[in-house]
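I have placed the structure first, in the form of structure tokens, so that the comments after it can refer back to it.
Each reported figure results from applying straightforward, stated rules to the coordinates on display, with no laboratory input. Computed from a predicted structure; not experimentally measured. Note that each Cβ is placed from the backbone with ideal geometry, even for glycine, and that neighbours are counted across all protein chains shown.
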Amino acid sequence: MNPSRRSLVYAALGLTVGLPSAALASFRRSIATQIEFTVIRDMDASVPDAIGPLVFGPDGNLYGVSEDSGRRHAGLIFRVEPEGGGLTVLYEFDHSPGRFPAGLTLGSDGLLYGVLRWGPEDHSFGFVYRMTLDGEVTMLQGPLPWSPDGPLLEASDGRWYGTAGEEWDGWPHKIYRMPFDCSSVEVVHEFSGLEGNHPGGLIEARNGLIYGSATYGGTQGKGTVFSMTPDGQLTRLYSFEAHGRYPAGLVLGPAGQLLGTTEATKPKNRYRNGTIFSIHRQSGKLKTLFDFPKPLVDGKGPVPLVRGRDGLYYGATTGDGKNSNGTLLRMTPEGVVQTLFQFNRFGDTSQGGAPYVRLTEGANGEFYGLTKRGGANEYGTLFRMQVMA
């Protein structure tokens, strides 16, 4: 048992908007009004600056990476039990051959796959690796001629897809693919500025197309949403101009839709609050489902959403809220948003502050996440949220 574990039951009475009054009343009757929020681990100096999202292994434990950490500040991979105990550093990178891990993906073979953004020296590029659950790491590709910068996608065609780019302007960002054994690597698409810059968060739909968002680029430099065939034929679906700016990731939505978040709001709103949007996968028609209002009692800066097994969408905001430390939220497919939890990073019962990664759903419908600040050690917290029926 983790001695720092602490729980509270919280009444989820936050804002609900987006439906006519009759439908909203029906929604309010059907949803739970309480959650159980648990800090299951106060993070510490052994795993600072953990980045996500967390990944469940076939053994039921959570796995994650920390980028600028370890004895050589080259990054590490860690494991923690769902109740917060057994925090273990499984592997520390040491600059040879590479450094700065950028997310994990559980492969269909039950092993973990990831990338290193950089090689041992400045302006030397990264690697692709595989890790067993007991921490044995094997480098599969690298050094690469460019810097991979996000979690890998295992697609239905049995291949891995990833995004890459350099850390300075003027170099095109890329989507690459590898066979499942990672024995070779090829670039399938290089982005033009109008297609987007800094792509990430690749997902696959049942139609076999791959979708993603680019944080920058497009006609106004505010980001794009795109689709791509497995052989690299890319279509820009939307270029952000008047409906949010700087998209931060996608999730499959209902009826041919994609759902996503932006870091900033529409130009008419002078506050950088963020939005939640839907976009049709074929037509590219975008609809703003939720524009985080001022005052920011429901938070600002939403992270990418995750679809729960109950058919609702769950997420977090990195800042503001009633305590200025971020919030947890959920949304119906129709766009009705409810604030579930308000973080408070101060005091003896600090829950942490600034939840900054996509939530991870557990086997029983509970959600796990990380905060960047607060907790007993000021290294953030690992938390669990259970919506109570």
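Remark: the stretch 41-171 is approximated by an ellipsoid whose semi-axes, taken from the C-alpha gyration tensor as √(5λ), come to 23, 18, 12 Å, largest first.
Remark: spin-label model distance LEU252-ASP157 equals 1.7 nm, labels positioned 7 Å along the Cα→Cβ axis. Exposure here means at most 13 other Cβ atoms within 10 Å; with GluC sites (Glu not before Pro) in a DSSP loop as sites, the longest stretch of the chain lacking them is 168-333.
Dipole magnitude for the chain: about 1680 debye, using +1 per Lys or Arg Cβ and -1 per Asp or Glu Cβ, origin at the Cα centre.
Computed on the Cα trace of the stretch 206-270, the radius of gyration divided by the Kirkwood hydrodynamic radius gives Rg/Rh = 1.00. A crude spin-label estimate for the pair GLN220 and ASN364, with each label 7 Å from Cα along the Cβ direction, gives 4.6 nm.
One entry in (i) -0.25, -0.56, -0.69, -1.13; (ii) -0.22, -0.51, -0.63, -1.11; (iii) -0.39, -0.75, -0.84, -1.01 is log10 I(q)/I(0) by the Debye sum over Cα atoms at q = 0.06, 0.09, 0.10, 0.13 Å⁻¹ calculated from the shown coordinates; its label is (ii). Contact order for the stretch 40-104, expressed relative to its length and based on alpha carbon pairs under 8 Å spaced 6+ residues apart, stands at 31 percent. At R0 = 30 Å, how high is the FRET efficiency between ALA242 and GLU334 if r is their beta carbon distance? Nearest 0.05 is fine. Result of the calculation: an efficiency of 0.85. In percent, rounded to a whole number, the relative contact order of the stretch 198-339 is 14, using alpha-carbon pairs under 8 Å and six or more apart. Our estimate of slack between LYS285 and THR138, defined as 0.36 nm per intervening residue step minus the Cα-Cα distance, is 48.6 nm.
The alpha carbon radius of gyration of the stretch 223-376, expressed as a multiple of 2.2 N^0.38 Å, is 1.06.
Taking other C-beta atoms within 10 Å as the exposure proxy, SER46, SER147 rank SER46, SER147 from fewest upward. The trypsin sites (Lys or Arg not before Pro) of the stretch 288-342 meeting both criteria, a DSSP state outside H, G, I, E and B (loop) and at most 11 other C-beta atoms within 10 angstrom of the site's C-beta, are ARG309.
The fewest-to-most ranking of SER213, SER108 by surrounding Cβ atoms within 10 Å reads SER108, SER213.
Each 10 Å bin, from zero up to the one with the longest distance, holds this percent of the alpha carbon pairs of the stretch 99-169: 21, 53, 23, 3.
So if R0 is 56 Å, what FRET efficiency would SER192 and LYS322 give, r being the distance between their Cβ atoms, rounded to the nearest 0.05? Computed FRET efficiency for SER192 and LYS322 comes out at 0.80. Look at the alpha carbon pairs under 8 Å that are at least 6 residues apart: their mean separation over the length of the chain gives a relative contact order of 13 percent.
Note that the stretch 154-161 has calculated 3J(HN,Hα) couplings of 8, 8, 5, 7, x, 10, 9, 10 Hz, one per residue in order, obtained from phi through the Karplus relation 6.51 cos²θ - 1.76 cosθ + 1.60 (θ = phi - 60°); glycine and proline are x. Run the numbers for ARG71 and PHE346: contour at 0.36 nm per residue of separation, minus the present Cα-Cα distance, in nm. My answer for the length gained is 96.1 nm.
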